[in-house]
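Novice: Starting off with a structure, shown below.
The values are calculated or read from the model by the stated rules, or taken from the named source; none is laboratory data. Since the model is a prediction, treat every value here as computed from it, not as a measurement. With ideal geometry, Cβ positions are generated from the backbone for all residues, glycine too; neighbour counts draw on all protein chains shown. Heads up: the accessible areas ignore ligands, DNA and RNA and are worked out on the full protein's heavy atoms, side chains in. Shrake-Rupley method; radii C 1.70, N 1.55, O 1.52, S 1.80 Å.
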Amino acid sequence: MRRSVGIPAVACATSCFYDLRMSAARSVVEPDSAELEALLRRCAQRDASALEALYRKVAPILLGTLLSMLKRRDEAEDALQDVFVKIWNQANQFDAIRGRPMAWLIALARYRAIDLLRGRRTSLVLVDTEALDGVAAMRDSAAGNEGEATQADLGGALQRCLDQIAAAQRRCVLLAYERGLSHAEIAQTVNEPLGTVKSWVRRSLQSLRRCLEA
Amino acid sequence: MNYASPERLEALAAAYVLGTLRGRARDRFDALRAADPLVEAAVQRWEDRWVARTLALPTVAPSNGVWQGIRARSGIANAHEPRPGRRGWNSRRVVAAAVLAVLALAIGLRLRNDYVVPQVVAVLGSDAAHPLWQIEHPRRYSTLTIRVLSNAVAPTGRSYELWALPRNGKPVSLGLLPGAGSVARELAPAQLAALRVSDKLAVSLEPSGGSPTGSPTGPVIIVQAI
């Protein structure tokens with residue numbers, strides 16, 4: 001059911017910008033883990049109403065991530081379908097012992113997007129990224145400085161630890177996590193040498209882990 | 001891949017979850033994840049660390065057609081309009097439906113002594129509580145009658161198609177299933193022959209007008225013993 005990719009990069013830079021701006025809602029609190037686990041268990045028992053309930057709860061969150069990475073709404077929605085078909089088929093593989101269901105669901109969506117980005121032309125990604133940076137800047141400036149206010153009530157520890165990383169380096173890590181950019185794409189976007197970007201990202205992740213485990 | 005040191009494993013897991021581990025290195029790490037619980041645990045710790053950042057992204061409401069597409073692709077599209085709170089089918093219900101159909105057939109055979117028409121071959125539905133179609137095929141006749149028991153409209157641009165599943169051989173189309181009312185059609189000799197050696201019927205979701213290939217191409221939503 002995949003649609004072909006035929007829209008020129010420039011057209012998408014405008015339309016995707018529009019999509020994000022018009023339909024973006026405020027950030028959300030994490031859905032209750034016990035409830036998500038119960039829904040996943042019912043999905044594993046082939047209860048279709050549980051899949052629908054799960055969709056109502058998490059689809060807007062997952063589509064936000066997919067759109068941020070894939071930029072194009074049609075592709076993001078196709079990927080969202082892939083993700084939910086996979087949830088339906090693999091719900092029995094979610095093991096509650098191993099952790100938060102939301103982390104598992106987000107990972108399914110992000111890894112699907114990363115797979116799709118692999119086959120894509122670099123130019124498309126870069127043109128769109130500029131438009132999206134504009135959206136992010138609008139969001140951040142509306143909320144205060146550098147996203148602080150939007151983060152205040154969510155994941156305080158993660159944001160505090162991200163804030164300890166120098167701004168230029170933090171930007172590289174977030175371009176990877178939120179936009180799905182590769183090292184090479186980040187290097188072009190921030191106009192730094194590839195080797196520098198790689199070592200910034202590596203060291204930022206180390207410092208993030210040390211900070212979160214402290 | 002060398003991840004002998006815990007530091008190396010951490011770095012790889014971090015890059016994998018971030019998405020900067022790409023290409024064949026990513027494929028290899030995927031395989032390691034599946035094979036080694038230590039690797040999987042390192043990945044999960046990183047997935048967990050990042051959740052808050054995803055939740056801080058703007059949420060986006062999906063378009064209306066997305067859920068219908070998921071239903072069709074997961075094989076749970078058993079009716080056009082989902083009723084809120086309606087349960088889907090599961091294996092227990094399918095077995096219950098099969099038992100009902102066999103009972104109906106057995107009772108039919110016994111009471112009617114095999115020569116009274118019409119004879120119910122199968123009741124097809126998403127589960128025992130939601131029968132959608134009743135299939136009748138009197139022995140020694142070549143008529144197939146399909147009665148719609150409850151609203152069964154296919155998604156826009158799609159059709160439900162009925163198949164006989166011969167014990168040995170490929171599915172044979174018995175035509176499209178109506179969304180309302182009832183239809184009676186004469187089976188072709190090949191369809192009749194296939195039905196006589198079939199012990200199951202199936203329903204698949206096909207492009208409008210039916211499968212273009214002569215075999216099921218879309219999701220099979222019902223398989224029912226006859």
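Novice: Output yes when any residue across the range B:132-149 is farther than 20 Å from B:THR213 by Cβ and in contact with a Gly (Cβ under 7 Å, 6 or more places away or on another chain), and no when none is.
Specialist: Initially, the range B:132-149 is screened for residues farther than 20 Å from B:THR213 by Cβ, giving B:132-149.
Now narrow it down to the ones that are in contact with a Gly (Cβ under 7 Å, 6 or more places away or on another chain): B:132, B:148.
Yes - at least one qualifying residue is present in the range B:132-149.
Novice: Take the residues in the range B:177-226 that are outside any loop (DSSP other than H, G, I, E, B), surrounded by 19 or more Cβ atoms within 10 Å (Cβ to Cβ) and hydrophobic (A, V, I, L, M, F, W, C), then tell me which one is modelled with the lowest pLDDT.
Specialist: Checking each candidate, the answer is B:ILE221.
Novice: Moving on to the next point. Within the range A:44-58, is there a residue that is at pLDDT 90 or above and under 22 Å from B:GLY19 (Cα atoms)?
Specialist: Yes, that holds for at least one residue.
Novice: With within 7 Å of another protein chain (Cβ to nearest Cβ), hydrophobic (A, V, I, L, M, F, W, C) and free of Cβ contacts under 8 Å to residues at least 24 places away in the same chain as the only criterion, which of B:ALA56, B:ALA34 stands out?
Specialist: B:ALA56
Novice: Can you tell me which of (1) in contact with a Pro (Cβ under 7 Å, 6 or more places away or on another chain); (2) surrounded by fewer than 24 Cβ atoms within 10 Å (Cβ to Cβ) is the one A:ALA50 doesn't meet?
Specialist: Only one criterion is unmet by A:ALA50, namely (1).
Novice: While we're here: Collect the residues in the range A:68-109 that are surrounded by fewer than 17 Cβ atoms within 10 Å (Cβ to Cβ) and of a type in the set (Gly, Ala, Ser), keeping them in residue-number order.
Specialist: Within the range A:68-109, A:ALA96 is the sole residue that qualifies.
Novice: What are the residues in the range A:37-47 that are more than 7 Å from every other protein chain (Cβ to nearest Cβ) and either among the aliphatic types (A, V, I, L, M) or open to solvent by less than 80 Å² (accessible area, probe 1.4 Å) (or both), if any?
Specialist: A:GLU37, A:ALA38, A:LEU39, A:LEU40, A:CYS43, A:ALA44, listed by residue number.
Novice: Okay, moving on. I'd like the residue in the range B:37-53 that is of a type outside the set (Val, Ile, Thr) and more than 9 Å from chain A (Cβ to nearest Cβ) and, out of all such residues, is least open to solvent (accessible area, probe 1.4 Å).
Specialist: The qualifying residue least open to solvent (accessible area, probe 1.4 Å) is B:ALA42.
Novice: Looking at B:PRO138, B:PRO155, B:PRO166, which is the one that is open to solvent by less than 40 Å² (accessible area, probe 1.4 Å), in contact with a helix residue (DSSP H, G or I) (Cβ under 8 Å, 6 or more places away or on another chain) and farther than 17 Å from B:ALA202 by Cβ?
Specialist: Within the list B:PRO138, B:PRO155, B:PRO166, the selection yields B:PRO155.
Novice: Something else about it: Name, by its number, the condition in (1) buried (at least 20 other Cβ atoms within 10 Å of the Cβ); (2) modelled with pLDDT under 90 that does not hold for B:ARG71.
Specialist: Only one criterion is unmet by B:ARG71, namely (2).
Novice: For the structure I just gave you, tell me whether B:ASP27 is open to solvent by 50 Å² or more (accessible area, probe 1.4 Å), modelled with pLDDT of 90 or more and within 7 Å of another protein chain (Cβ to nearest Cβ).
Specialist: It is false that B:ASP27 is open to solvent by 50 Å² or more (accessible area, probe 1.4 Å), modelled with pLDDT of 90 or more and within 7 Å of another protein chain (Cβ to nearest Cβ).
Novice: Let me ask something else about it. Name the single residue that is surrounded by the fewest Cβ atoms within 10 Å (Cβ to Cβ) among those in the range A:155-214 being facing chain B (nearest Cβ under 9 Å), part of a loop (DSSP other than H, G, I, E, B) and in contact with a Lys or Arg (Cβ under 9 Å, 6 or more places away or on another chain).
Specialist: Filtering first and then ranking leaves A:GLY155.
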